[in-house]
Amino acid sequence: MTTTAHEQAGTTAVPRSPAGGADATRDPRRRPRPGRLRRASLPYLLLLPALILELLVHLVPMVIGAVMSFKELTQFYIRDWGSAPWSGLGNYRVSVDFHAPVGEALLHSFLVTVGFTLLSVGLCWLVGTAAAVFMQDTFRGRGLLRALFLVPYALPVYAAVITWVFMFQHDNGLVNHVLHDQLHLTDKRSFWLIGDNSFYALLTVSVWKGWPFAFLIVMAGLQNIPRELYEAAALDGAGLWQQIRRITLPSLRPVNQVLVLVLFLWTFNDFNTPYVLFGRAAPDAADLISVHIYQASFVTWNFGTGSAMSVLLLLFLLLVTGVYLALTSRGRRSSRA
């Protein structure tokens with residue numbers, strides 16, 4: 001029996017895959033190449049040193065502090081704090097007992113810190129935003145003025161606050177010299193670092209030190225607002241205040257949400273400013289909670305109570321941050337809808 005060449009070719013021909021070539025015969029479950037694995041793991045390897053430092057610098061001390069808050073850790077167990085007696089929630093009960101001296105002092109410090117933080121954050125945002133809006137116009141010397149505005153933020157905290165300590169001196173300070181001797185706004189020289197005036201001195205230093213950060217962030221946010229919006233508003237007859245209210249503030253809402261949260265956390269936890277300004281014992285009017293916890297831990301040598309206060313402060317800040325982020329995210333969703 002004879003067969004045609006066409007039939008012989010048909011019996012020996014291999015059908016080609018629609019995908020083409022030998023790619024269709026590859027196993028889809030094959031392992032990736034080692035080079036591809038190295039490229040995929042490279043970002044995680046680069047992040048590993050930062051994660052290790054974060055673990056050593058923040059997380060480990062945080063866990064140790066939480067453990068210390070459940071112990072009766074005083075100066076008698078400072079060499080071997082692990083052998084301190086277990087007190088359970090005793091330190092927390094002492095801290096939140098507002099009818100006892102320890103709890104009453106902590107509540108007073110908390111209220112002072114809340115008032116100070118709200119005033120400082122509000123003034124920092126207000127001054128920083130006003131300066132940033134003013135700096136949007138082009139004029140001679142704008143670059144120099146921007147650099148001068150950032151000097152308080154660039155200076156080391158200790159050098160800047162120590163300078164304010166000399167300025168607030170009672171007899172030869174610059175503040176009393178200007179207010180009393182030159183402007184005659186006060187009847188006598190004031191004590192700024194003791195008494196009730198210490199709160200205003202602390203607020204002044206905090207605002208002076210913090211508003212350049214708000215100025216820098218708001219100025220960066222203003223760069224993303226198109227100038228055509230202001231030109232169109234000006235053609236429609238909108239004044240400066242209407243442009244700020246209708247264009248600037250709504251456009252800066254995402255920036256301001258992050259800025260206010262960062263300023264709140266920094267100011268509420270600020271320790272360097274009151275410590276350098278007043279020393280180890282701050283006046284009652286300026287008794288911020290950071291200095292109060294320091295005194296409870298390193299002055300009275302009651303590390304258990306101080307650790308409990310620190311944990312309570314951490315929980316409060318986490319609660320405020322969570323509520324703030326939930327409210328701001330809900331506001332963004334409602335504005336988009």
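The values are calculated or read from the model by the stated rules, or taken from the named source; none is laboratory data. No experiment lies behind these values; they were computed from the predicted model shown. Neighbour counts are summed over all protein chains in view; Cβ atoms, including those assigned to glycine, are modelled from backbone coordinates with ideal geometry. SASA here: full protein model, heavy atoms, side chains in, ligands and nucleic acids out. Shrake-Rupley method; radii C 1.70, N 1.55, O 1.52, S 1.80 Å.
May I ask you to list the chymotrypsin sites (Phe, Trp or Tyr not before Pro) in the stretch 78-156 that are in a DSSP loop and have at most 15 other Cβ atoms within 10 Å of their Cβ? Please list the in-between numbers first.
Numbers: sites: 81, 86, 92, 98, 110, 116, 125, 134, 139, 149, 153; in loops: 98, 139.
Those that pass, being in a loop and sparsely packed, are 98, 139.
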Notebook entry, point to check: Once the stretch 79-202 is represented by equal point scatterers at the alpha-carbon sites, with solvent omitted, what log10 I(q)/I(0) does the Debye formula produce at q = 0.16 Å⁻¹?
Noted result: -1.06
Next item on the list: Set the Förster distance to 35 Å, then compute FRET efficiency between residue 329 and residue 83 from the Cβ-Cβ distance, nearest 0.05.
Entry: 0.15
Notebook entry, point to check: With each label point set 7 Å from Cα along the Cα-Cβ vector, what nm distance links residue 316 and residue 191?
Noted result: 2.7 nm
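Please arrange 133, 94 by accessible surface area, largest first, computed with a 1.4 Å probe and ligands excluded. Show your work: numbers first, answer last.
Values: 133 40, 94 65 Å².
If we order 133, 94 from most to least accessible, we get 94, 133.
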Item checked: Inter-probe distance in nm under a simple model that places probes 7 Å from Cα toward Cβ, at residue 46 and residue 183 -> 5.2 nm
Notebook entry, point to check: From the list [x] 325; [y] 128; [z] 350, can you say which value of volume of the Cα convex hull per residue in Å³ was derived from the structure given?
Noted result: [z]
Notebook entry, point to check: What residues have an amide H closer than 5 Å to that of residue 71, excluding those fewer than 5 places away on the same chain, when H is modeled at 1.01 Å from N in the peptide plane?
Noted result: 87
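Mean Kyte-Doolittle of at least 0.0 plus a Cα span of 18 Å or more along the axis: flag which DSSP H helices in the chain meet both, please. Present the calculation step by step, with values, prior to reporting the outcome.
Values: long enough: 34-54 (29 Å, 0.68); 101-134 (49 Å, 1.63); 197-222 (37 Å, 1.26); 253-268 (22 Å, 1.43); 303-336 (49 Å, 0.91).
Helices meeting the span and hydropathy rule in the chain are 34-54, 101-134, 197-222, 253-268, 303-336.
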Notebook entry, point to check: Can you give me the relative contact order of the chain as a percent, contacts being Cα pairs under 8 Å and 6 or more apart?
Noted result: 24 percent
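Using packing as a proxy for protection, rank 296-303, 237-244 so that the peptide with the highest average count of other Cβ atoms within 10 Å comes first.
Details: 296-303: 17.5, 237-244: 12.4.
Ranked from most to least packed, the peptides come out as 296-303, 237-244.
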Item checked: Nitroxide proxy distance, nm - points 7 Å out along Cα→Cβ at residue 241 and residue 258 -> 3.1 nm
Checklist line | Accessible area per residue, Å², the chain with all protein chains present, probe 1.4 Å | finding: 65 Å²
Checklist line | Exposure ranking of 167, 309 by accessible area [1.4 Å probe, largest first] | finding: 167, 309
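In the stretch 53-108, what percent of the accessible surface is made up of carbon and sulfur (1.4 Å probe, ligands and nucleic acids excluded)? Walk me through the intermediate numbers first.
Numbers: 2720 of 3870 Å².
Here it works out to 70 percent.
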Checklist line | Column: log10 I(q)/I(0), Debye, Cα scatterers of the stretch 248-337, q = 0.17, 0.18, 0.20 Å⁻¹ | finding: -0.80, -0.85, -0.95
Next item on the list: State to the nearest 20 debye the size of the charge dipole of the chain about its Cα centre, where the only charges are +1 on K and R beta carbons and -1 on D and E beta carbons.
Entry: 1660 debye
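Which trypsin sites (Lys or Arg not before Pro) in the stretch 107-198 pass both tests, a DSSP loop state and at most 15 other beta-carbon atoms within 10 Å? Could the numbers behind the result be given before it?
Details: sites: 140, 142, 146, 188, 189; in loops: 140, 188, 189.
Here the trypsin sites (Lys or Arg not before Pro) that fit, given the DSSP loop and packing criteria, are 140, 188.
Using a Förster distance of 35 Å, how high is the FRET efficiency between residue 59 and residue 233, based on the Cβ-Cβ distance and rounded to 0.05?
With a Förster radius of 35 Å, E is 0.10.
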Note to self: Given the whole protein assembly as supplied and a 1.4 Å probe, what does the accessible area of residue 83 come to in Å², nearest 10?
What the structure shows: 60 Å²
Check: Which of 305, 263, 184 sits closest to the plus end of the dipole of the chain, meaning its Cα is farthest towards the positive end, when Lys and Arg get +1 and Asp and Glu get -1 on the C-beta?
Finding: 263
Notebook entry, point to check: Which is farthest toward the positive dipole end of the chain among 237, 90, 50, measuring Cα position about the Cα centre, with Cβ charges +1 (Lys, Arg) and -1 (Asp, Glu)?
Noted result: 50
